[in-house]
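Remarks on the structure that follows.
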Amino acid sequence: MKAELIRLAKKYGTPLLIIDHDKIRANYRTFKKNLPRVQAYYAVKANSNQAIIETLFNEGASFDVASYNEFMQVYEYLKHFKPKEKVFFIWDKIIFSNTIKDSDTLKKIKKYRPLVTFDNTEEIKKIKENCPTAGLVLRLKVPDIGSQVEMASKFGAEPGEAADLIKQAFDLGLAVEGLSFHVGSQCVNFDNYTAALQITEQILSDNREKGYNLKIVDIGGGFPAAYDSQVPEFRKLAGIINSECDRLFDKGIEIIAEPGRFMVGTAATLVSEIIGKARRDGKIFYHINDGVYHTFSGVVYDHWIPNFHSFSRGPKEICAVVGPTCDSFDKISLAEHLPGNLKIGDYLYTENIGAYSTASSTKFNGFDGARILHINK
Ligand SMILES: Cc1ncc(COP(=O)(O)O)c(C=O)c1O
């Protein structure tokens, strides 16, 4: 494995992001095997690389998009289907899980009859005016305690507002098809899912009594990637979700999910190169050719904890690893346990860097960011 990383880095240059499609397929299959009742709508935002979408489409995934551009990236694989060929709830719908969509986007997607989420009155009016063909999914605010990235401060209707919002939408002639939530990304506190499912069931049954039969429960993303041995097992979470869903929802309810990180987080490795070395206040600073404005953007936006490994051995000490830009903010880590004898030109590698990495990379300071190499495609 290490020899192969070095070979690829020498052949293609660094920084090099190696995306392993066998791993993406394995993650997808693990998800499906453990959650047989749940249709996975891959959250394209985690990594929108076209080859990843293609691999997941070939595996049978559906898709969750955040923008018109992501929508069209997915639609590429669906456009040849005749309406009858679109398997129900797999490719007949793409879900826009972004609760706020601009009017232009809504106008453009009207002809595709997508699913769209909402969590407020203004959005209902906007959907009515610009995309009345959509199926609506009400996003609920649920606990996201202990998740790496919280969601509740920006998204979701309070459960107490749900009945009113659903009625408003129906009164305007729109079709509310279901409820959704997101327990926060990299959710390791499985009680968040249990609580969210319970809240969802309560709202479904209240609405049923009022004559509104919602059919979709969208359990969002948050499924934790196995970054290290501290992360609780996905199998355990799946067991909880399966038994809660069977307890709470009859078979007529379609359960869908929007996993992003789980599918791609562990599927990529980055090889970077040391381009400078200095001692600052007594600590070794390894300056490498990738940083927080580029593939390590997740350190900022995703609260991601980076990892660095060297290919050679030597006495280890606490070192800083920093990016190539002129900005002093571009520090990836101030405490990496690395050999102190690494030299300029040596490579480092970082595992599990497939989600929210290149997705939010910029061209800051004129650096292109990592070259992407697909293996096992
Ligand atoms: C609405 C929505 N769905 C799904 C996801 C994917 O979440 P995750 O990568 O935690 O699975 C996100 C991530 O931000 C999101 O905002």
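For region 362-374: of the residues being farther than 13 Å from PRO15 by Cα and surrounded by 15 or more Cβ atoms within 10 Å (Cβ to Cβ), which is nearest to the ligand (Cβ to nearest atom)?
Let us first name the residues in region 362-374 that are farther than 13 Å from PRO15 by Cα, namely 362-366, 374.
Subsequent filtering for residues that are surrounded by 15 or more Cβ atoms within 10 Å (Cβ to Cβ) retains 364, 374.
Numbers: PHE364: 22, HIS374: 20 Å.
Taking the candidates together, the pick is HIS374.
Of all the residues that make up region 7-21, how many are over 25 Å from ALA46 (Cα atoms) and either exposed (fewer than 12 other Cβ atoms within 10 Å of the Cβ) or in contact with a Phe, Trp or Tyr (Cβ under 6 Å, 6 or more places away or on another chain) (or both)?
If we filter region 7-21 for residues that are over 25 Å from ALA46 (Cα atoms), which is where we start, we get 7, 10-11.
Among the residues that remain, those that are also either exposed (fewer than 12 other Cβ atoms within 10 Å of the Cβ) or in contact with a Phe, Trp or Tyr (Cβ under 6 Å, 6 or more places away or on another chain) (or both) are: 7, 11.
Selection size over region 7-21: 2.
Please go through region 175-193 and pick out each residue that is in contact with a helix residue (DSSP H, G or I) (Cβ under 6 Å, 6 or more places away or on another chain) and away from the ligand (no atom under 16 Å from the Cβ).
Listed by number, the list holds a single entry, VAL176.
I'd like the full set of residues that are within 16 Å of the ligand (Cβ to nearest atom), in contact with a helix residue (DSSP H, G or I) (Cβ under 7 Å, 6 or more places away or on another chain) and part of a strand (DSSP E or B), limited to region 237-270.
ILE255
Which number in (1) within 25 Å of PHE262 (Cβ to Cβ); (2) of a type outside the set (Gly, Ala, Ser); (3) more than 15 Å from the ligand (Cβ to nearest atom); (4) in contact (Cβ under 8 Å) with a residue 12 or more places away in the chain marks the one condition that GLU233 misses?
(4)
Show me the strands (runs of 3 or more DSSP E) found entirely inside region 1-108 where at least 3 residues are more than 14 Å from GLU258 (Cβ to Cβ) and either outside the structural domain of THR121 (by TED's automatic domain parsing) or touching a strand residue (DSSP E or B) at 6+ places or on another chain (Cβ under 7 Å) (or both). Outline the logic, then answer.
Numbers: elements: 16-20, 38-43, 62-65.
Correct list: 16-20.
Within the set of pairs 6 or more residues apart or between chains, which connect a residue that is hydroxyl-bearing (Ser, Thr, Tyr) inside region 134-163 to a residue that is within 12 Å of the ligand (Cβ to nearest atom) and in a loop (DSSP other than H, G, I, E, B) with Cβ atoms less than 8 Å apart?
Within 8 Å, the pairs are SER147/VAL183; SER147/GLY184; SER147/GLN186; SER147/CYS187; SER147/VAL188; SER147/GLY222.
Results for (1) surrounded by fewer than 24 Cβ atoms within 10 Å (Cβ to Cβ); (2) out of contact with any Ser or Thr (no Cβ under 9 Å at 6 or more places or on another chain); (3) outside the structural domain of GLY13 (by TED's automatic domain parsing); (4) of a type outside the set (Lys, Arg), shown as yes or no for each residue.
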| position | (1), (2), (3), (4) |
| --- | --- |
| ALA226 | yes, no, yes, yes |
| GLN230 | yes, yes, yes, yes |
| GLY239 | yes, yes, yes, yes |
| GLU258 | no, no, yes, yes |
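Examine region 102-119 for a residue that is under 25 Å from the mean Cα position of the chain (by Cα), within 16 Å of the ligand (Cβ to nearest atom) and small (Gly, Ala, Ser), and state whether such a residue exists.
There is no residue in region 102-119 that is under 25 Å from the mean Cα position of the chain (by Cα), within 16 Å of the ligand (Cβ to nearest atom) and small (Gly, Ala, Ser).
Of a type in the set (Asp, Glu), within 16 Å of the ligand (Cβ to nearest atom), surrounded by 18 or more Cβ atoms within 10 Å (Cβ to Cβ) and touching a residue at least 60 places away in the same chain (Cβ under 8 Å): does that describe ASP64?
Values: of a type in the set (Asp, Glu): yes; within 16 Å of the ligand (Cβ to nearest atom): yes; surrounded by 18 or more Cβ atoms within 10 Å (Cβ to Cβ): yes; touching a residue at least 60 places away in the same chain (Cβ under 8 Å): yes.
So ASP64 fits the description; yes.
The values are calculated or read from the model by the stated rules, or taken from the named source; none is laboratory data. Keep in mind that what you see is a predicted model, and the values were worked out from it rather than measured. Reconstructed Cβ throughout: ideal geometry from the backbone, glycine too, with neighbour counts over all protein chains shown.
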